[in-house]
1. Pop the C-beta distance of B:Ala226 and A:Glu37 into the FRET formula with R0 = 56 Å and round what comes out to the nearest 0.05.
2. Just subtract the alpha-carbon distance of B:Glu70 and B:Ser192 from 0.36 nm times their residue separation and send over the number in nm, one decimal.
3. Once the Cα atoms of helix B:90-125 and of chain B are each reduced to a long axis, what angle between those two axes, in degrees from 0 to 90 to the nearest 10, is obtained?
4. Which order do peptides A:243-251, A:185-193, B:172-180 fall in by mean Cβ count within 10 Å, highest first?
5. Collect residues whose amide H, placed 1.01 Å from N in the peptide plane, falls under 5 Å from the amide H of A:Gly227; neighbours closer than 5 in sequence don't count.
6. Loop-only trypsin sites (Lys or Arg not before Pro) in the stretch B:236-302, please: DSSP not H, G, I, E or B, and at most 12 other Cβ atoms within 10 Å.
7. Kindly express, to the nearest 10 degrees and within the range 0 to 90, the angle between helix A:196-223's C-alpha long axis and the longest C-alpha principal axis of chain A.
8. For the stretch B:11-20, just list the computed ³J(HN,Hα) in residue order, Karplus coefficients 6.51, -1.76 and 1.60, θ = phi - 60°, integers in Hz, with x standing in for Gly and Pro.
Amino acid sequence: MTRLACSPAWRAFWRSPAAVAGLALVALVAACALFAEFIAPYPSHAGPIGDFAAMSARPSGQYPLGTDSIGRDLLTRIIFAYRLSLEMAVVVLAIAAPIGVVIGLLAGYLGPAWSYALMRVTDVFLAIPPLVLAMSITGFLEPSAIHGMMAITMMWWPWYARLAYNLTRAEKQEGYVLAAETVGASVPHILFREILPNCMPSILTKVTIDVGFVILIASSMSFLGLGAQAPTPDLGSMVADGARYMPDAWWLTVFPALAILIVVMGFNLLGDGLREAADAAR
Amino acid sequence: MSPFLRALVNRLIASLVVLVGVSMLMFAIARIIPGDPARIALGPNATEAQVQALRRERHLDQPIPMQYWEYVRELAHGNLGNSLYSNRPVRVDVAQYLPATLELVFAAGLMMVLIGVPAGVLSARYRGRWGDHLGRLGSVMGVSTPAFVWGVILQLVFAYLWGVFPIEGRLTAALPPPPPITGFFAIDSILSGDMRTLADSLHHLVLPALALAMAGIGQTSRLTRASMVETYGKPFIEMAHAYGFRESRIAARYALRPALVPVLTILGLDIAALLGNAFLVESVFGWPGLSHYGVEVILHKDLDAIVGTVLIVAAAFVLANIAVDLLVAVVNPRIRLAGERA
């Protein structure tokens, strides 16, 4: 982080319009998720009950993005869906990233037998299309947001293991690691106090971009009916529900779809901006 | 054996190891879940005797390593077990639904290259102008949007509003499907010389394949642009300029070829995403592929069918990657010559 925080990196970051746009989108989504009750115009519509007098209402002054087939305000539901999406992404990455990084560090540092085993195990995970693996894991359980999170976590760690492995292999050759080994530092010390801090910028960049991609996979699963179940507001299942009322009630599909685009693109641009800024600082 | 052939054989063996690993992983997940698979399969109304009989028939009463051994023995005979949802062998189900999915994935892969590469080339040639910025924004949007969102948006605009493409399905209901030779409707109708079916099936293919390809098109154009920009700085391009070759010829003959190698490599990796996202696109466009079957067997906890489907999808991914590696060898003279020289 120290490398990221120094001024040339920040200057590079602020000078890139894409990075700043990404930051703005992420800030918007995060604000929605954190303060959903205060921002949403009709907080009670996040549940199963809406305004029966205004079912499938077009976008208007009263309901800016329209209402769904049982009269619930779409804007409210999107704002609450952002909360679920971000929660899922944070939980998945908070579990998958550390597990993957620790495995990758160990395999990269400990030698050929470990790295061979790691590569073959991750090969197996990476040979199954992510969505298919996550779907089948949910299939063995019951479809729900929690099981979706578990499934995505199970398939996400190999990417971090690969990344940390490659970074460790490169760092291992550096003089500072040799110096630590020479003075007899313990393996945990070398791994977590010497090598890991130097890998952090790359790992954090990937985490940032991945928040968007976890949300993308989670919404894909709930689009197929394998994620969060009604009445929980969820972007993927909102698109799926809306598709049944096409093309007349187009807003039911188009606005949740745009909402997904906004959050994934925001984290994507922000992550790219951070990476470019970190590169510029070197 | 030439080194090239030896590398291919090594790849095949490594792929087989990966597939064995996939089968073990899926089998392990399927067996450690709470609940009795036989009881789940038969439902709450079955008698205890019926459940016991199914357990014995499926070897569920034996220890897990024995169960896996039985599974692999069946697998060696091409038997993936029976689907409890359709009451047919999983092999038959998959053989019925897989070709439609593969046709979609193949068409999308083709679009990725045929649209993404030219877009990247144009972006690199007009670097820094508005067309380039627009292209780059488009590629970020392509990558950031799930395939089902592209599906519903393309369907809304081109099928519902403008009516230039059909809303769903693989063929117009009035047309009989072509005789099953490859399972790809487009190819089968060419083989049987039926041009009306060919036109109709291609007409149905455009929107779903485009929805599936959008993320890949974005990625491909971004990558092509980056490597074209890099290649344009190389001395051999400067030489071509010095000779006074036309811009278009330089782009097509000299700069593009080295740029294609990373693009093809990404295509290989992207096939996993295409196969996965095909499930989403199929569900939007009512495409009769593996998606509907996959979701149904998942909702029915049909264990053999889930494991079998995942195994087949993984095998398709692994084989497609080998095919892409061969393509890279064709495009990249350094790899090809290394094989021929020996």
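Laboratory data are not the source of any read-out in this text; all were calculated from the coordinates shown. Everything quoted here is computed from the prediction, not taken from an experiment. Using ideal geometry, Cβ is built from the backbone for each residue, glycine included, and neighbour counts are taken over all protein chains shown.
1. Using R0 = 56 Å, I get an efficiency of 0.80.
2. Values: separation 122, 0.36 × 122 = 43.92 nm, distance 4.19 nm.
This chain segment gains 39.7 nm when fully extended.
3. Helix B:90-125 sits at roughly 20 degrees to that axis.
4. A:243-251, A:185-193, B:172-180
5. Distant-sequence amide H within range of A:Gly227: A:Ser222.
6. Details: sites: B:Arg246, B:Arg249, B:Arg253, B:Lys301; in loops: B:Arg246, B:Lys301.
Filter output for the stretch B:236-302: B:Arg246.
7. With both axes taken from Cα atoms, the answer is about 30 degrees.
8. Those phi angles translate into 4, 4, 5, 4, 5, 4, 4, 4, 5, 4 Hz.
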